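For reference, the structure discussed in these notes is given below.
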Amino acid sequence: MSRDPDAVTYRVSFRPQRPAKAPAPAASPPPDADALERLASQLALALAIERAVDQGHVQDYSDAARRLRLSRARVAQLIALLQMPTSVIEAVVRGARGGCTGKP
């Protein structure tokens, strides 16, 4: 095997790099009054949909979505809010009624 006189050879050493540490997430600001009211309204709508299905006023969540002119995905999101712990739901409702100033 003959060597090309114009060829250049490099010797390189690679070391695996450690993944960079993710920065610590910033503390989320406390919710403002508008956000609490919006969440309380969404919870009220979710409860109303759940009650309508349970009482047979609508056949199922798809029927509720059609009647409310919402997507089925949006109704599913609303119903998922009801999976929050009861203490959290009660705190949201209390906050929306003026029990929370939005300050820590």
In the list (1) 46; (2) 61; (3) 69, the entry giving percent of Cα pairs over 17 Å apart computed from the coordinates is (3)
In deg cm²/dmol, rounded to the nearest 500, the helical mean residue ellipticity at 222 nm of the chain, built from -39500 (n - 2.57) for every DSSP H run of length 4 or more, is -14500 deg cm²/dmol
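Values in this text are rule-based calculations from the coordinates and carry no lab data. Remember, predicted model here, so these are calculated numbers, not experimental data.
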